[in-house]
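The block underneath contains the structure these notes are about, expressed in structure tokens.
The values are calculated or read from the model by the stated rules, or taken from the named source; none is laboratory data. Computed from a predicted model, the values in this text were never measured in an experiment. Virtual Cβ from ideal backbone geometry, glycine too; neighbours counted across all protein chains shown.
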Amino acid sequence: MESLKVALVFNHVEKSIQVADQLKHLLVTSGNQIDQDNPDIVISIGGDGTLLSAFHLYSHKLDQVRFLGVHTGHLGFYTDWRDYELEELVDTLCNNQEANVSYPLLDIVIQYRDDRADKHFLALNESSIKSIHRTMVGEVFMKEQFFESFRGDGLSVSTPTGSTAYNKSIGGAVLHPSIEAIQLAEIASLNNRVFRTIGSPIVVSKEDWIEIKLPQGSECLITIDQFNIQQEEVASVIYRVAEEKIRFASYRHMDFWHRVREAFIGEHQRRNEI
């Protein structure tokens, strides 16, 4: 058995800290190393927010690392293991080191009107654009082709795994993560005799891209997963399916639709026998 280098990322909840200490002990006594700088496996301990933080900490090493989540609270979409299953987790980790599943990511490029260089980001869940002080105005392009003029609270672009997060709350569709696509959803668009948008979510393939052009002088808030970036003089934001993917250790990876049902339906709706 080859020794693994493992990084632990955990929130500051007491339960998560205790689990991190237990997991560190089990990993080391089973012959593995704790390596926060150059890990093979990144284990997040907490919830989906902790996993998002872990992703952004190691987003520059996606070709080297795999992720695994332990949840210490409510069921999450990225956390397959519970805090009382640590011995089983370490045993499985040591004896099945190759299993993994890959999910699409969102590639984001912010372009400016001045001489600032473009900024490039990756998102695991989503990115949104909102105006800070007034109704957001933007022109939406699909590839180089003008699609619509948007006025409203903002626009959100999500990955398939992020489709169950903010995207779902604003009326977006839930996409299976095996689909290499991104989704554009409107946030409270203005639709009347003067202004008109398509008014429904749009799913864009990996061969296409979305560009949102903003008017001169606009001040906007751009979110990238859980991070907020206040920006001035943004000319446009370009979204596409990223070339990079996130890899999860899939030792007993929970079925996506099972996750969706458990998170949003649970036991409130039972199957009627016909």
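Among the residues of the range 204-225, the one identified as surrounded by fewer than 17 Cβ atoms within 10 Å (Cβ to Cβ) and of a type in the set (A, V, I, L, M, F, W, C) is 221. Would the range 196-214 turn up any residue that is in contact with a Phe, Trp or Tyr (Cβ under 9 Å, 6 or more places away or on another chain), charged (D, E, K, R) and modelled with pLDDT of 80 or more? Yes, the range 196-214 contains at least one residue that is in contact with a Phe, Trp or Tyr (Cβ under 9 Å, 6 or more places away or on another chain), charged (D, E, K, R) and modelled with pLDDT of 80 or more. Is there a residue in the range 173-191 that is farther than 30 Å from residue 114 by Cα, among the hydrophobic types (A, V, I, L, M, F, W, C), modelled with pLDDT of 95 or more and in contact with a Leu (Cβ under 9 Å, 6 or more places away or on another chain)? Yes: one or more hits.
Starting from residues that are touching a Gly at 6+ places or on another chain (Cβ under 9 Å) and crowded, with 17+ Cβ neighbours inside 10 Å, keep the ones in the range 238-268 and report whichever is modelled with the highest pLDDT. The extreme case among them is 248. Residues of the range 84-133 that are of a type in the set (Phe, Trp, Tyr) and under 30 Å from residue 172 (Cα atoms): 103, 112, 121.
When the range 142-166 is limited to residues that are under 11 Å from the mean Cα position of the chain (by Cα) and assigned to a strand (DSSP E or B), the one that is farthest from residue 176 (Cα to Cα) turns out to be 157. Inclusion of residue 211 among residues that are over 12 Å from residue 155 (Cβ atoms) and assigned by TED's automatic domain parsing to the domain that holds residue 125 is not warranted.
If the condition is being among the β-branched types (Val, Ile, Thr), surrounded by fewer than 23 Cβ atoms within 10 Å (Cβ to Cβ) and under 25 Å from the mean Cα position of the chain (by Cα), then the range 10-41 contributes 13, 17, 41.
Residue 98 falls short on exactly one of the conditions (1) part of a loop (DSSP other than H, G, I, E, B); (2) at pLDDT below 90; (3) in contact with a Leu (Cβ under 9 Å, 6 or more places away or on another chain), and that condition is (3). Candidates are the residues of the range 104-141 that are farther than 23 Å from residue 247 by Cβ and among the polar types (S, T, N, Q); the one that is farthest from the chain's Cα centre (by Cα) is 135.
The set of residues in the range 60-94 being over 30 Å from residue 265 (Cβ atoms) and buried (at least 18 other Cβ atoms within 10 Å of the Cβ) consists of 62, 65, 90, 93. A residue that is outside the structural domain of residue 260 (by TED's automatic domain parsing) and touching a helix residue (DSSP H, G or I) at 6+ places or on another chain (Cβ under 9 Å) cannot be found anywhere in the range 79-91.
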